[in-house]
Structure formats: C-alpha cells, structure tokens
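J.: Dropping the structure in here first, questions after.
The values are calculated or read from the model by the stated rules, or taken from the named source; none is laboratory data. This one's a predicted model, so the numbers in the text were calculated from it and none came from an experiment. All Cβ positions, glycine included, derive from the backbone under ideal geometry; neighbour counts span all protein chains shown. For accessibility, only protein heavy atoms count, side chains too; no ligands or nucleic acids. Shrake-Rupley method; radii C 1.70, N 1.55, O 1.52, S 1.80 Å.
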Amino acid sequence: MIDGDAIVGELESRRAAGDGRDALVAAAVRMIEGADEAYDWVGVYLLDGEELVLGPYVGKPTDHTRIPVGRGVCGTAVAQDRDLNVPDVHAIENYLACSLETASELVVLVRRADGSIAGQLDLDSHRRAAFGKRDERELRKVADWLGGLF
Ligand code: SME
C-alpha cells in the first residue's frame, strides 16, 4: 500500500542532496510504481499549453506521448480541473487505451502553489477498481509536493 509521507520524505532527502526537478519527478514515479502491485503503469504528464506531454514513466511504452486537453481520461481531468478515478475504463467513451490490459485508471493533478495545473500523475491498473480513497489521498500528498517544484 502506498505511503505518501514516506515517498515525500525520500524526495526531501534527495532534494537536500542536490537532485533537480527532473530527477525528483522521475524518482517519484519509480517510488509510486513500486508501492503497490496493483499499479501497472505510472507516469507523469506535464501540461504544455493545450497539450499534456509525457514525462518519466514506468511500464509499457505508450503511443499517447501527447494528449490534447479534453481527450481521454488524462485530458478530461485537466479540462474539468479535477482528479479522476475511473474504476472501469471500458465503461467510458472518452478513453485512450494505453494498453488493452488496463482496467482502471487514476489521474491526480499536480498543481503549482497558485493552484494552476503543472501536470498530473497517471496510474493504470490491470485490475478493475484498483484505486480507492487511500490511493487518492496518498498520491495527493506526493502530487502536492511535486507541485512545489514548478
Ligand atoms: N488512458 C489515458 C491515456 C494515457 S495511457 O493510459 C498511459 C487516457 O485515457 O487519457
């Protein structure tokens, strides 16, 4: 089970040791992916104008390296300015399949101090309804910390 405070603590240590933003974002992705067996794909998308651009990720390569705001679960989260927890991706129309195995998806927005969206954490699972309130809460801690880097 994911422990957001533990991940943030490790990120703090790495920042104190001199790691820059790119290294910290990549480390966060790796630590999140390793936190729970149900997390099959974990990545960061950064918002660049009206597009989300794929940053570091762990999991199978995806065709969706650039996603327009409004498209898919990722783009919809930005368009609606909110986190999205989709228990069954096959039940929604506006979905961009990253992998045929993906059953559920969680997007947690990364916000700057002023509340504006810098990007998002995107998690996919092969299990249906893999993400619960605890995942949302713990990932929010990590996302909030990452937001301070932008
Ligand atoms: N499923 C996402 C696309 C990104 S991949 O999952 C990595 C979506 O619908 O936005």
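J.: In what order, largest first, do SER99, SER125 sit by accessible area if the probe radius is 1.4 Å?
T.: Of SER99, SER125, the descending order of accessible area is SER99, SER125.
J.: P(r) of segment 59-143 in 10 Å steps, Cα pairs, percent per bin?
T.: All Cα pairs considered, the percentages come to 18, 52, 28, 2.
J.: Which is the longest part of the chain that has none of the GluC sites (Glu not before Pro) sitting in a DSSP loop with at most 13 other Cβ atoms within 10 Å?
T.: Longest stretch, sites excluded: 102-150.
J.: Let me ask you something else. Amide H neighbours of GLY119 under 5 Å, counting only residues 5+ apart in sequence or on other chains, H built in-plane at 1.01 Å?
T.: When sequence neighbours closer than 5 places are left aside, the close amide H contacts are LEU47, VAL110.
J.: Using only Cα positions of the chain, each an equal point scatterer, no hydration layer, compute I(q)/I(0) via Debye at q = 0.15, 0.21 Å⁻¹ and quote the log10 values to two decimals.
T.: -0.69, -1.43
J.: To continue, here is another question. What is the percent carbon and sulfur in the accessible area of the chain, measuring with a 1.4 Å probe over the protein chains and ignoring ligands?
T.: Carbon and sulfur atoms account for 48 percent of the accessible area of the chain.
J.: Quote the relative contact order of the chain in percent (integer), defining contacts as alpha-carbon pairs under 8 Å separated by 6+ residues.
T.: Contact order relative to length: 24 percent.
J.: Calculate, for the chain, the solvent-accessible area per residue in square angstrom, rolling a 1.4 angstrom probe over the heavy atoms of the protein chains.
T.: 48 Å²
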